[in-house]
Amino acid sequence: MGCLLQLLRQRWGLLGLRACSDTAGGGCHVDWHNACTRQWIYRYVGDVPMATALKTRPRSTAVAPKPKRGAVPSHAIPKAPASACITLSSKNYSSWSLRGWLMVKLAGLDFDEMIVPPDDANARKEILLLSPSILVPCLTHGDIKVWDTLAIGEYLAEIKPKAGLLPTDIAARAHCRAICGEMHSGFSSLRSALPMNLKGDFPGYKVWARADGDIERITAIWRECLAKYGGPFLFGAHPCMADAMYAPVVTRFLTYHVKLDPTAVRYCQHIMAMPEMKEWIAAAKREHEDIEELDMEF
Ligand SMILES: N[C@@H](CCC(=O)N[C@@H](CS)C(=O)NCC(=O)O)C(=O)O
């Protein structure tokens, strides 16, 4: 039985969508049916579809036998981790996708990713099945579905408290939530003036004057956090939810060559040096679709 379980674990691990997120393009431009909603049905165990494997294995065999007296109680045995999948849009243009994806990475959750091209009408219908807001990112974790980036961050902080997505100190945590909220609900001038475009490089770009106020406020937020918590990330030594929220701003500043103070420049360098950022940007650069005119923020 132990061997069988080990074999199943190996096969499931090897044959899941992880292979797909390693493909060129960095994500799974694959059929939806291979992922999230139906992944339990369509994953394969050898050449036997999972559905068949489950059907042919009587349910009762999955139930652990009654523990003997003195044995470890069943609640102490860790449950198999729930499968997680994050639905994303373009890695080049979708700043919210980057934020959500970074949070899942920082949380250390094992996850698959599914990329929905923003202009694919069929994909948009399918996205509704996964994300009631029809927006990305959306995290599906076992039976739990979380859409909206802030909610994803809060959820991850709850299930992975040791990952440090939120600071442990209550005052710092409140501060972190406040600046995450500010990013989530504000800076619309900056967002429309400087859309995220990781493949782009626009030296001498004329920044719309109304975005200047947003740039000033954002760099003031950074300066305050870096001075208060010691850097190199906003709340200290490790990146947290706030760094994920502001990471697409960093890329925008670099894409459009926004002139910054030395503290902000250093912070941008730290964000860009994160292995997770390097991974995302490499995948974005492999994406083939280009959106010529961006009249909205993705
Ligand atoms: N408040 C939402 C914003 C999400 C959002 O606007 N997502 C964009 C992509 S970055 C989107 O899905 N736009 C619709 C589309 O691409 O069709 C959140 O925090 O997740």
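Key figures
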| quantity | calculated |
| --- | --- |
| Evaluation of M196 against (1) within 16 Å of the ligand (Cβ to nearest atom); (2) modelled with pLDDT under 95; (3) in a loop (DSSP other than H, G, I, E, B) (one fails), failing number | (2) |
| Among (1) within 10 Å of the ligand (Cβ to nearest atom); (2) surrounded by 24 or more Cβ atoms within 10 Å (Cβ to Cβ) - the single one M103 does not satisfy | (1) |
| Pair list, Cβ under 7 Å, 6 or more apart: segment 251-280 residue touching a residue at least 12 places away in the same chain (Cβ under 8 Å), other residue among the hydroxyl-bearing types (S, T, Y) and part of a helix (DSSP H, G or I) | L260/T219; D261/T219; A264/T219 |
| Matching residues in segment 62-115 - criterion: being more than 20 Å from L129 (Cβ to Cβ), outside any loop (DSSP other than H, G, I, E, B), among the polar types (S, T, N, Q) and at pLDDT 95 or above | S95 |
| Where a residue in segment 143-162 is closer than 17 Å to S89 by Cβ and its partner, wherever it lies, is of a type in the set (K, R) and modelled with pLDDT of 95 or more, with Cβ under 9 Å and at least six apart | T149/R99; I152/R99 |
| Of all residues in segment 145-186 being outside any helix (DSSP H, G or I) and farther than 20 Å from K105 by Cα, the one that is farthest from the ligand (Cβ to nearest atom) | D169 |
| Residues of segment 106-119 satisfying the condition of being near the ligand (Cβ under 10 Å from one of its atoms) and either surrounded by fewer than 20 Cβ atoms within 10 Å (Cβ to Cβ) or basic (K, R) (or both) | P117, P118, D119 |
| Some residue of segment 223-233 being surrounded by fewer than 15 Cβ atoms within 10 Å (Cβ to Cβ) and assigned to a loop (DSSP other than H, G, I, E, B) | yes |
| Long-range neighbours under 8 Å by Cβ, at least six apart or interchain, first residue near the ligand (Cβ under 10 Å from one of its atoms) within segment 120-134, second in a helix (DSSP H, G or I) | A123/W32; I134/R124; I134/I127; I134/L128 |
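This table checks each residue for (1) under 24 Å from G236 (Cα atoms); (2) surrounded by 12 or more Cβ atoms within 10 Å (Cβ to Cβ).
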residue: T140; (1), (2): no, yes
residue: L150; (1), (2): yes, yes
residue: K162; (1), (2): yes, no
residue: L166; (1), (2): yes, yes
residue: A172; (1), (2): yes, yes
residue: E182; (1), (2): yes, yes
residue: K199; (1), (2): no, yes
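The values are calculated or read from the model by the stated rules, or taken from the named source; none is laboratory data. The structure presented is a predicted model; accordingly, all values stated were derived computationally and were not measured. Cβ sites come from the backbone with ideal geometry, for glycine too, and all protein chains shown count toward neighbours.
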